[in-house]
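These notes are about the structure you will find just below.
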């Protein structure tokens, strides 16, 4: 079996997305999705955990986030996980895992329900 690096996340935007453009004029959007998992153990104890996931979108999905993405917007993100490392301004080494978005779908709002956006490299999301 071949290795696969593919993730799908459903959650809410933590804060408004941040937008930039590359020197070539391509739209870039950095955003954070929060996803909560709740479960009950066999002895009835309820648990929950919240995960904040960094994401990046380019091109058409980035433009869609600029138009429709606000803090709290329900979203589904598909893409691949990549490792990023850099040197901070104070000289310390930093790193994180980030989802490189190939497709996204807005899951809330009457006019945005089931709206799907994909990058050129992405594949289309299934309607939810």
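In plain terms, the chain from residue 74 to residue 60 could stretch by 3.2 nm, reckoned as 0.36 nm per residue minus the Cα-Cα distance. The stretch between residue 88 and residue 18 holds 23.3 nm of extra length on full extension. This uses 0.36 nm per residue minus the Cα-Cα distance.
Using alpha carbons only, the radius of gyration of the stretch 14-102 set against its Kirkwood radius gives Rg/Rh = 1.08.
When each of the peptides 86-94, 3-11 is scored by how many other beta carbons lie within 10 Å of its residues on average, the order from highest to lowest is 3-11, 86-94.
Rule-based calculations on the coordinates, nothing more; no lab input. All values reported here derive from a predicted model rather than from experimental measurement. All Cβ positions, even for glycine, are placed from backbone atoms using ideal geometry, and neighbour counts span all protein chains on display.
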